[in-house]
Amino acid sequence: MNRLNQLFQNKKESLLSIYFTAGYPNLSSTLDIAEAVQKAGADFIEIGFPYSDPLADGPVIQNSSLIALQNGMNLKFLFEQLKELRERVSIPVLLMGYVNPVLQYGVKDFCESCAAVGVDGVIVPDLPMVEYEEFYKDDFLNNNISNIFLVTPQTSEERIRKIDELSNAFIYLLSSSSTTGKNLTVSNEADAYFARIKAMNLKNPTMIGFGISDQKSFNKAAEYTRGAIVGSAFVKFLDSDNALERIPEFIKSIRS
């Protein structure tokens, strides 16, 4: 059992995860932001490792990835930074990014590096489920790293059941099939999608991401799942004046 499992076992509702891009706005920002997010009351953290072609991301996260890459961020450097992670942060931490940098790093080495610095799980949206199961599953399990799968409104029940079988932490529900940064549409269609997933009584808890940007959208997500993930809104906030000192203000605006 890792920190993620313990969190979901101990807290049953209104979990808040915050996503930000490693190396943005500055190369040295990563641990300062993670520590500030924890102190402000987030339940867990997702640190994005930048990639030059982030197709699933909207302009806010795309821009943060570009700047992070220009700043010199890459997976090797990120793992060097994260050697001090568990001296400063005790809540669960996930890494999120695209499969190409992971393959270049080496999946086995990637999982071992995650375990060495205290990362609890990873989200790699473009890692095919069949490849994970056939080639990489043991690397994740042997290092106690949870692989988080994504579900969209178009995902079939058969595939969702398979994802539930392969998961051991939580399942990430995309609020829509659009890129990140689109506001959650509080509509009958969205309600039906969330209710359909909830009625499946999956063994793994669920979290909603993509489009969670304020208290209203966070509360809507929390009606159907354990909580929500805030990404683009927080990355955009980091571009504002004195953002690091004002992180408690941002967290309060989401869950107060």
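The values are calculated or read from the model by the stated rules, or taken from the named source; none is laboratory data. Quantities reported herein were computed from a predicted structural model and do not represent experimental measurements. Cβ sites come from the backbone with ideal geometry, for glycine too, and all protein chains shown count toward neighbours.
So the check is Cβ under 9 Å with 6+ separation or different chains; which pairs have a first residue in the stretch 203-229 that's at positive phi and a second one that's assigned to a strand (DSSP E or B) and among the hydrophobic types (A, V, I, L, M, F, W, C)?
PHE210/LEU173; PHE210/LEU174; PHE210/ILE229; GLY211/LEU174; GLY227/LEU15; GLY227/LEU16; GLY227/MET207; GLY227/ILE208
Is it true that LEU15 is at pLDDT 95 or above, of a type outside the set (S, T, N, Q), surrounded by fewer than 19 Cβ atoms within 10 Å (Cβ to Cβ) and touching a Gly at 6+ places or on another chain (Cβ under 8 Å)? Walk me through it before giving the result.
Values: at pLDDT 95 or above: yes; of a type outside the set (S, T, N, Q): yes; surrounded by fewer than 19 Cβ atoms within 10 Å (Cβ to Cβ): no; touching a Gly at 6+ places or on another chain (Cβ under 8 Å): yes.
So LEU15 does not fit the description; no.
Any residue at all in the stretch 61-74 that's surrounded by 20 or more Cβ atoms within 10 Å (Cβ to Cβ), within 22 Å of ILE254 (Cβ to Cβ), of a type in the set (Gly, Ala, Ser) and in contact (Cβ under 8 Å) with a residue 40 or more places away in the chain?
Yes, that holds for at least one residue.
When you check TYR193 against the structure, is it aromatic (Phe, Trp, Tyr) and in contact with a Phe, Trp or Tyr (Cβ under 6 Å, 6 or more places away or on another chain), yes or no? Steps first, answer last, please.
Details: aromatic (Phe, Trp, Tyr): yes; in contact with a Phe, Trp or Tyr (Cβ under 6 Å, 6 or more places away or on another chain): no.
Spelling it out, it is not the case that TYR193 is aromatic (Phe, Trp, Tyr) and in contact with a Phe, Trp or Tyr (Cβ under 6 Å, 6 or more places away or on another chain).
Restricting to the stretch 241-251, and then to whatever is in a helix (DSSP H, G or I) and touching a residue at least 60 places away in the same chain (Cβ under 8 Å), can you tell me which residue is nearest to SER28 (Cα to Cα)? Write out each step before concluding.
In the first step, residues of the stretch 241-251 are kept if they are in a helix (DSSP H, G or I); the result is 247-251.
Going one step further and asking which of them are touching a residue at least 60 places away in the same chain (Cβ under 8 Å), we end up with 247-248, 250-251.
Numbers: ILE247: 17, PRO248: 20, PHE250: 21, ILE251: 22 Å.
The qualifying residue nearest to SER28 (Cα to Cα) is ILE247.
Hey, which of the strands (runs of 3 or more DSSP E) in the stretch 79-162, taking only ones fully inside, have at least 1 residues that are among the polar types (S, T, N, Q)? Quick ask: steps written out before the conclusion?
Details: elements: 93-96, 121-123, 146-148.
It comes to 146-148.
Restricting to the stretch 197-240, name every residue that is of a type in the set (Lys, Arg) and at pLDDT 95 or above. Give the derivation first.
Keep residues of the stretch 197-240 that are of a type in the set (Lys, Arg), which gives 198, 203, 216, 220, 226, 236.
Answer for the stretch 197-240, where residues must be of a type in the set (Lys, Arg) and at pLDDT 95 or above: LYS203, ARG226, LYS236.
Going by the conditions given, is MET96 within 19 Å of ALA169 (Cβ to Cβ) and in contact with a Pro (Cβ under 9 Å, 6 or more places away or on another chain)? Before the answer, list the steps.
Values: within 19 Å of ALA169 (Cβ to Cβ): yes; in contact with a Pro (Cβ under 9 Å, 6 or more places away or on another chain): yes.
It is true that MET96 is within 19 Å of ALA169 (Cβ to Cβ) and in contact with a Pro (Cβ under 9 Å, 6 or more places away or on another chain).
Taking the stretch 7-21, which residues are more than 12 Å from the chain's Cα centre (by Cα) and in contact (Cβ under 8 Å) with a residue 24 or more places away in the chain? Steps first, please.
The first filter runs over the stretch 7-21 and keeps only residues more than 12 Å from the chain's Cα centre (by Cα), leaving 7-15.
Answer for the stretch 7-21, where residues must be more than 12 Å from the chain's Cα centre (by Cα) and in contact (Cβ under 8 Å) with a residue 24 or more places away in the chain: LEU7, PHE8, LYS11, LYS12, GLU13, SER14, LEU15.
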